[in-house]
Amino acid sequence: MPRLVSHPDEVKIVTRRFGMGASKIDRYLELDGYASARKALAEGSDWIINEMKASGLRGRGGAGFPTGMKWSFVPKQSAKPKYVLVNGDESEPGTCKDHLIFLHDPHAVIEGTIIAGLAIGAKMGFIYLRGEYRYLIENVERAVAEAYERGFLGRNIFGSETEFQVIVQSGAGAYEVGEESALMESLEGKRGVPRIKPPFPAVVGLYGGPTVINNAETIATVPHVLAMGGAAYAAVGSERNGGTRLFGLSGHIARPGVYELPMGYSLRKMIYEVGGGVRGGRKLKAVVPGGSSTPVLLPEEIDIGMDFDQVGKAGSMLGSGGVVVIDDQTCMVEFALRTIKFYQHESCGWCIPCREGTDWLKKSLTRFHAGFGTEKDIDNIQYLAENMMGRTFCPLGDAAAMPTLGFVKKFRKEFEDHLHGKPCPYAHHPEVELV
Amino acid sequence: MSAEAMTLFSPELAARFDALVERYPVRRSALIPMLLYAQDEVGYLSDAVIDEVARRIGITPLDVRNVATYYSMLRFVPAGRYNIQVCTNISCMLRGGYRIFEQFQERLGIGHKGVTADGVFSLEEVECIGACCWAPAIQVNYDFHDELTEEQVDAILDEYRSRSQKAGSR
Ligand SMILES: Cc1cc2nc3c(=O)[nH]c(=O)nc-3n(C[C@H](O)[C@H](O)[C@H](O)COP(=O)(O)O)c2cc1C
Ligand code: SF4
Ligand code: FES
């Protein structure tokens with residue numbers, strides 16, 4: 001069972017019910033569960049969307065798109081049925097927050113899905129979890145069955161004339177399926193190859209119907225937004241970044257774990273106070289601020305607030321909220337290699353810049369790390385990555401290129417240290433001596 | 001239904017399929033979870049499993065194969081009874097994931113995607129399994145083992161070995 005952590009600076013909104021037995025419906029109801037869905041049912045679509053807009057909640061899946069606005073794009077009238085699709089594919093390295101939500105508070109995801117359905121006028125929602133999360137899939141399925149038993153889901157939810165069905169879906173292993181259009185393909189029983197946009201899912205989505213796709217944390221936040229009121233939720237965060245976020249601290253951090261902190265919380269404090277600093281009293285070398293696809297930050301770049309805009313201004317991205325801390329004994333070439341190895345493995349192969357680019361980057365970095373690189377290789381790696389950017393059908397190509405560029409630009413010296421047949425000057429497995 | 005199909009899937013699995021395909025707006029939506037559940041029961045996606053799933057969904061076996069090859073959890077050869085999946089992605093790598101992987105390789109005498117001669121274990125190096133804050137992490141079939149130390153590797157192998165013996169003698 002994954003360990004829960006806590007810190008006094010946390011503002012527990014989404015994690016409020018963690019560790020309290022709330023995955024059982026009676027306990028969830030005791031803790032004010034399903035009150036927001038009932039209220040949403042009474043107040044109606046416009047009210048929900050207005051509260052969501054006021055909350056400043058931005059998508060927790062990575063891109064940070066404002067949730068209220070996304071919902072408002074769905075046409076009111078549609079010949080085809082509309083759908084809600086909850087993205088629980090959670091596969092971005094460094095990210096494990098949805099794992100905890102599905103474990104501790106599955107009803108919050110179900111309640112949020114109902115509310116999203118009421119907002120856009122959908123009668124059916126899907127909760128898609130990565131296949132590796134079998135025990136969580138079973139937990140969510142069990143919670144869905146409880147909600148059906150109580151009449152919170154079904155033909156007449158909460159005794160009303162409104163219908164809402166929820167289906168829990170298992171994936172079978174694929175990072176790319178987390179990309180929203182690939183996710184729809186997978187749910188339709190196909191390979192996880194993305195679709196060309198436009199049309200956007202809000203207009204033509206699942207089974208051709210208008211579809212809202214949100215990350216599981218985004219959806220689990222929705223009932224809390226309605227309970228607090230959009231404005232009160234917005235006030236917790238920073239400018240244009242409402243509320244809190246589940247930040248996952250991992251890597252060489254003294255106290256790893258998932259912490260719920262206000263948007264805009266200082267990255268320096270997150271590392272040195274919340275996370276207890278670098279493990280073993282070592283020095284900080286670098287931080288990957290938002291999952292493996294976000295460009296690395298240097299120790300002198302961590303005096304920033306962790307929200308979408310401030311991290312963007314610092315040249316990286318808030319991404320999935322997975323903060324990976326790297327100590328001074330880590331080989332950044334090896335880290336870059338492990339990162340690109342992942343993207344090469346996950347590329348769906350549809351477009352050449354991504355398929356070939358990730359493959360060449362992996363080959364070059366492997367050779368380079370082994371000490372067979374040349375000066376020119378460093379420039380070639382940069383050139384390859386630059387030429388992948390913006391030239392692919394889906395953002396996976398950028399997700400592979402961006403961190404690579406960051407590593408080469410910010411750690412060029414470390415690349416040079418590997419030149420001329422020199423063995424890796426950093427320990428191959430840097431943590432060997434530690435503990 | 002053919003006699004072979006009757007014996008291929010247990011009555012529970014067959015019932016699960018029947019319920020699953022009816023739930024979706026489109027039958028085909030059941031394909032990927034169905035393949036995974038069938039694999040859990042049969043061990044891998046044999047030709048017979050693929051034909052049977054294709055028949056139940058109403059698509060061609062080639063179509064099923066085309067989809068199934070995309071997903072990393074689906075396999076076309078048997079794995080061990082306990083498939084050990086070691087994450088070596090960044091958060092795990094920083095906390096010793098590769099050493100854990102090497103240790104499993106040594107203990108079992110097999111490499112990536114290898115199966116032990118007795119068929120009890122198989123080993124895989126996998127990408128992030130969503131347990132980064134509890135690294136290094138592995139999965140044995142669907143069970144997570146978090147915050148692993150090298151010392152625990154032997155204990156884990158012993159535990160599953162004895163489970164396998166119990167299951168075998170039943
Ligand atoms: C390669 C790739 C993988 C992605 N994986 C996930 C994922 O696992 N979970 C997720 O919520 N979003 C993921 N996304 C983002 C989704 O495409 C989508 O933007 C998100 O689910 C929208 O939800 P939000 O607005 O609530 O953030 C991924 C995007 C890309 C390009
Ligand atoms: S960018 Fe990569 S993952 Fe995305 S469509 Fe192209 S090949 Fe596939
Ligand atoms: S990096 Fe190993 S579980 Fe995420």
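Throughout, read-outs are computed from the coordinates displayed, never taken from laboratory work. Please read these numbers as outputs of a predicted model, since none were measured by experiment. Heads up, the Cβs are rebuilt from the backbone with ideal geometry, glycines too, and the neighbour counts pull from every protein chain shown.
Structure data summary
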| read-out | value |
| --- | --- |
| Separation between Cα centres of the range B:51-93 and the range A:235-282, rounded to whole Å | 36 Å |
| Cα centroid separation, the range A:201-224 to the range A:85-105 (Å) | 15 Å |
| Förster radius 22 Å - calculated FRET efficiency between B:GLU159 and B:ALA117 (Cβ-Cβ, nearest 0.05) | 0.65 |
| Within-15-Å neighbourhood charge of A:ILE13 [Cβ basis; K, R +1; D, E -1] | -1 |
| Potential lengthening between A:SER160 and A:LYS283 on full extension [0.36 nm per residue; Cα-Cα distance subtracted] | 38.4 nm |
| Span from the the range A:19-51 Cα centroid across to the the range B:99-130 one, whole angstrom | 44 Å |
| Footprinting exposure proxy for B:THR60, A:THR95, A:THR221 (fewest neighbouring C-beta atoms within 10 Å first) | B:THR60, A:THR221, A:THR95 |
| Angle in degrees between helix B:150-169 and the longest Cα principal axis of chain B, rounded to the nearest 10 | 40 degrees |
| Mean Cβ neighbour count within 10 Å, used as a protection proxy, ranking A:103-113, A:383-393, A:401-411, A:301-311 highest first | A:103-113, A:401-411, A:301-311, A:383-393 |
| Linear extension gain, A:ALA145 paired with A:ALA232, 0.36 nm per residue minus alpha-carbon span | 28.1 nm |
| Hypothetical label at A:LYS39: residues of the range A:138-166 whose amide nitrogen lies under 20 Å (7 Å Cα-Cβ projection) | A:152-153, A:157-160 |
| Residue order, fewest to most beta carbons within 10 Å, for A:SER364, B:SER29 | A:SER364, B:SER29 |
| Chain B: calculated mean residue ellipticity at 222 nm from DSSP helix runs of at least 4, using -39500 (n - 2.57) | -15000 deg cm²/dmol |
| Most positive-pole-ward Cα, B:THR88, B:GLY130, B:ALA30, against dipole of chain B from beta carbon charges | B:ALA30 |
| Local net charge near A:LEU297, Cβ-Cβ under 14 Å (Lys/Arg +1, Asp/Glu -1) | +2 |
| Label-zone membership for the range A:326-358, site A:LYS197, 7 angstrom Cα→C-beta point, backbone N under 11 Å | none |
| Nitroxide proxy distance, nm - points 7 Å out along Cα→Cβ at B:ALA48 and B:ASP143 | 2.9 nm |
| GNM top mover of A:SER55, A:SER23, A:SER78 - chain A, alpha-carbon springs below 10 Å | A:SER78 |
| Proximal aspartates and glutamates relative to A:LYS313, as straight alpha-carbon distance under 15 Å, when same-chain residues fewer than 8 apart are discounted | A:GLU239, A:GLU300, A:GLU301, A:ASP303 |
| Estimated FRET transfer efficiency when R0 is 41 angstrom, pair B:ALA15-A:ASP328 (beta carbons, to 0.05) | 0.10 |
| Inter-label distance for A:ASP26 and A:HIS420, nm, one decimal - labels placed 7 Å from Cα along Cα-to-Cβ | 7.4 nm |
| Shielding of A:86-94 by partner chains, average beta-carbon count, 10 Å | 4 |
| Gain upon complete extension [A:ALA79, A:TYR272; 0.36 nm per residue less C-alpha separation] | 64.1 nm |
| Ranked list, fewest to most other Cβ atoms within 10 Å of each Cβ, for A:TRP350, A:TRP71 | A:TRP350, A:TRP71 |
| Prolate/oblate/rounded call for the range A:296-435, Cα gyration tensor, a/c under 1.5 rounded | oblate |
| Global geometry of the range A:50-185, whether rounded, prolate or oblate, following the gyration tensor of its Cα atoms and the 1.5 cut on a/c | oblate |
| Whether the range A:1-78 is rounded, prolate or oblate, judged on the alpha carbon gyration tensor where a/c under 1.5 counts as rounded | oblate |
| At R0 = 35 Å, FRET efficiency that the Cβ-Cβ distance of A:ASN380 and B:GLU151 yields, to 0.05 | 0.20 |
| Across A:LYS283/A:LYS363; A:LYS53/A:LYS409; A:LYS53/A:LYS76; A:LYS39/A:LYS76, pairs whose alpha-carbon gap is larger than 27 Å | A:LYS283/A:LYS363; A:LYS53/A:LYS409 |
| 0 to 90° range, to nearest 10: angle between helix B:47-57 axis and chain B longest Cα axis | 50 degrees |
